[in-house]
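First comes the structure, then the notes that go with it.
Each value in this text was obtained by applying a stated rule to the coordinates, not by laboratory testing. Everything numeric in this text was worked out from a predicted model, so none of it was measured. Using ideal geometry, Cβ is built from the backbone for each residue, glycine included, and neighbour counts are taken over all protein chains shown.
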Amino acid sequence: MFNLILFGPPGSGKGTQSDKLVGKYGLIHLSTGNLLREEIAEKTPLGIEAKSLMDKGQLVPDEVVIGMIDSSLEHHKDAKGFLFDGFPRTIAQARALDKLLELKKTGINTVISLDVGEEELIQRLLNRGKTSGRSDDTDEIVIRKRFAVYNNETTPVAEYYKKARKFQSVKGEGTVDEIFETLCRVMDKKMKQ
Ligand code: ADP
C-alpha cells in the first residue's frame, strides 16, 4: 500500500491536485470535507450538526471525522493506497489515523504540503465561493476564522510528521499543471523508496 497525506491550508489546491493524483496513481481519495458535504446534502443528523460548525469556520469533532475515515477504510479493503485530503487536521486525528493504519498493517508513507501565501489563499477562496455554492467560502470573516483554526490546530500536525521524517513541502503557486508535475516528481521518488 502507498498512503499519502496531501497537506495545506484552506484554498491551497488539495482538492484539485488530489483528483489528478488519484487518477494517475490509482489511490482512493478520502476527503473529510467532501464526506461531510455529502452528509449535509443528504440532511443526515451528522450533516446537520456538521453544517453549523463548518459555516462558522470551526472544526467538526475529532470522533466524527475519525469515524468517517474508519468506515471509509473498511469500505475499500483492497485499495492500492489512500490519499488523505483535509485529514488529519488535529494531533488527535493524526494519532488515530496512525492507529487505524497500524491495525491494517500499513502506515503513512509521506506527507506533502502545498505552500501558498495567505493573501493568495483568501483571493482563491473568495473566487471559489462565487461558483462553488460553499457557504464557508463567501464570507471573509469565516475564511479568516478557518486560517486561525488552521494555524492553531492543524500546523502542529505538520510538526508531528516532521518528527517522523515524513513531511515535505512543495510550492503551491503556479499553474495547476506545474504544481501537479512537482507533486508527481515527489511521488515517484517516494514510491521507489
Ligand atoms: P478547506 O480545506 O478548503 O477548508 P474542506 O473541504 O477540507 O475545506 O473542509 C471544510 C470544513 O469541513 C472545515 O472548515 C471543517 O469545518 C470541516 N472539516 C473537514 N475536514 C475536517 C477534519 N479532518 N476535522 C474537522 N473538521 C473538518
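Taking 30 Å as the straight-line reach from the Cα of Lys51, the lysines in range (excluding those fewer than 8 positions away in the same chain) are Lys14, Lys20, Lys43, Lys77, Lys99, Lys130, Lys145. When the chain is treated as a GNM with alpha-carbon contacts under 10 Å, the residue of Gly11, Gly33, Gly117 showing the greatest mean-square fluctuation is Gly117. Placing unit charges on the Cβ atoms only, positive for Lys and Arg and negative for Asp and Glu, gives the chain a dipole magnitude near 660 debye about its Cα centre.
Convex hull volume of the Cα atoms of the chain, normalised per residue: 116 Å³. Placing +1 on the Cβ of every Lys and Arg and -1 on the Cβ of every Asp and Glu, with nothing else charged, gives segment 28-95 a dipole about its Cα centre of roughly 180 debye.
In this Cβ point-charge picture (+1 for Lys and Arg, -1 for Asp and Glu), segment 100-193 has a dipole of about 640 debye about its Cα centre. Summed over all non-identical Cα pairs, the Kirkwood treatment of segment 12-78 gives a radius of 13.1 Å.
Binning the alpha carbon pair distances of segment 65-173 at 5 angstrom intervals from zero yields the distribution 2, 10, 18, 20, 18, 15, 11, 5, 1, expressed in whole percent.
Dipole of the chain computed with +1 at Lys/Arg Cβ and -1 at Asp/Glu Cβ about the Cα centre; of Ala92, Gln168, Ser71, farthest Cα towards the positive end is Gln168.
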